[in-house]
Amino acid sequence: MPQNDSQPRPATPCPLTIADVLSLPALAGVPLRVLVGKDDLHRPIRWVHVAESPRVAQLLSGGELLLTTGAGWQGIDLRAVVAELAKVRAAVLVVELGTEWVTPPRELVDACREHSLPLVCIEEEIRFVDISEQIHHHLLEQETQRATSMRHIAETFTAMMIRGASPEQIITHAARLLGAPIILENPLHQVIYYSEGHRPPSALLQQWAARSRRWEARLGRVGTIIAPTPLPDGEGYCLDVTARGTQWGRLVYLEEEADGQGSELSRELKIAPGYVLQQAAIALLVERHGARDPQSWQDLRDRTALERLLGNRFTTVEGMTEVLNAQGFRTHERFLYALEFRQPLGVDEIRRVLARHSPPWDVLIAPPPEHPQHVVALISATDSSPREVIPELVQRHWPEAVVLMSPAVRSPLDVVHAVRLLGSQPEQSPGFRVVGSTPLSVLMTHLADNVHLADFSQQILGPLLRYDAQNKSDLLATLRVLVEHPTSRSAASAELHISRTALYTRISTIENLLGMTLSRGSDLFSLHLALCAFDAGNRGDL
């Protein structure tokens, strides 16, 4: 697809400045004065040129250091000459005094000041060839180092492609080279992955979709951005990950986010950020062509979003909300639900069914880090429709699966607690269940890591756990059923598939081991609380 030719091209940074030239050995000990542009000595020098002809501006392309004695400049309009030099963006004018001019003409000084062209006067005769040779040697040496650095960068990205590096590894490597975060977004301006930086992710991604669309509009692009392109106002660079008419996403490097260490690294490499972005984009293209579903970044987006969410990678709820919103999962004034699918369902199957039958919800689906054999889905909806739709989908498509669902919550922090509550549930029979609908279960999830609660559970249930372990019995399971049916021994024996006589025998054993009476309300409450604490703390693993 075509690219807008009016877009500016990124320039390769040049490390040689006017100040560097003035400190070269050829000028050591030479009396000189900076008459104009003392605050502009950081200007880069691209080349050096001897300028004795008043028509020299026609031979320049910008960034040159001009050396002149003034020969050939006698009796001409110096203001016009300087204006032409400034028009072609010459870097600095260096005048040798003593041959043609004893003092710099006032007209020349005024013209340089008017057009902001730095003017340096050397007050004794020097060899222009020495200055030219040293500048050219320095520039060529820098170009050689730059080419070596470019080859090294290209080789590292090639090695990553050969090893089959993941998108996360590719983007993180590029960010380390530049010393600043890099963001990968999809064509809908949703953040797929972002590298860690020195600023909080919420600040990095604040109002991301709006900012990205604004950049796109101001660039005025036609088609895809096939070359590294500066963002408006010098904010950074962007480049599309595209091939054969397919645009997978866009890489964005933000110049303003670069820290001091990263900026120094970039200067040492002498490589424009656009080159690193280009190498990263090529590596991502190779990764996409080898991916199971090359047309979608959804797996990467969902997995990284859930990992950061469940891994407590945020310091504030507001920051969590901002980052999730940037990734296309809205949480403000929405109904949020957590689901856990247990064997034998896969991510692709769940995503296909939800995409085909659900209203326009925001959905994140990925295996949780703690239980990769399970699948967690987070749903964000404008209403409570998931509560009615999900049970129907389970009955129609997954009747043999275990599907647990939380009640609706209103904040990202609550949905994290809901995911943990679902994961803490013990193994269950196939079917759909809503978990955490009681205040007690929610409280237990919040207190799952409380050491006092864990000690309370262990003190009460410890004798029962040890007895089950030594005798390969299931008294803990029996206790669960008895707590669920405190007033009906018939219902308890039916659920356990044992006779009432056998049940009473187990009750007697439990009461003797625990020193409690199951018909006493306070003891029954303590046992119920201990079981909830045990499940919350052990995630049903024991």
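Read-outs: derived from the displayed coordinates by stated rules, not from any lab. Note that the structure is a prediction, hence the values are computed from the model and not measured. All Cβ positions, even for glycine, are placed from backbone atoms using ideal geometry, and neighbour counts span all protein chains on display.
Eigenvalues of the alpha-carbon gyration tensor of the stretch 299-438, scaled by 5 and square-rooted, set the equivalent ellipsoid semi-axes at 22, 16, 15 angstrom, largest first. For the pair Thr103 and Asn312 in one chain, pulling the backbone fully straight at 0.36 nm per residue adds 68.3 nm over the alpha carbon distance.
Taking Cα centre as origin and charging only the Cβ of basic (Lys, Arg, +1) and acidic (Asp, Glu, -1) residues, the dipole magnitude of the chain rounds to 1680 debye. Net charge dipole, the stretch 299-438: roughly 60 debye, given to the nearest 20, about the Cα centre with Cβ charges of +1 for Lys and Arg and -1 for Asp and Glu. Normalised by 2.2 N^0.38 Å, where N counts its residues, the alpha-carbon radius of gyration of the chain equals 1.47. When exposed loop sites are taken as trypsin sites (Lys or Arg not before Pro) in a DSSP loop with at most 12 other Cβ atoms within 10 Å, the longest stretch of the chain clear of them is 293-471. With N counted as the residues of the stretch 451-538, its alpha-carbon radius of gyration over 2.2 N^0.38 Å works out to 1.03. Shape analysis of the stretch 272-361 places it in the oblate category; the axes a ≥ b ≥ c from the Cα gyration tensor give an a/c of at least 1.5, with a/b not above b/c. Name the long-range amide H neighbours of Gly236: under 5 Å, sequence gap of 5 or more, or other chain; modelled H, no Pro or chain starts. For Gly236, whose amide H was placed from the backbone, the distant partners under 5 Å are Leu231, Glu255. When a/c reaches 1.5 or more, the comparison of a/b and b/c decides; with that in mind, is the stretch 18-136 rounded, prolate or oblate per its Cα gyration tensor? Rounded.
Working value for the stretch 142-220: equivalent-ellipsoid semi-axes of 27, 16, 13 Å, each the square root of 5 times a Cα gyration tensor eigenvalue, largest first.
Mean sequence separation of contacting Cα pairs (under 8 Å, at least six apart), scaled by the length of the stretch 299-438, corresponds to a relative contact order of 29 percent. Relative contact order for the chain: 10 percent, from Cα pairs under 8 Å spaced at least 6 residues apart, divided by residue count.
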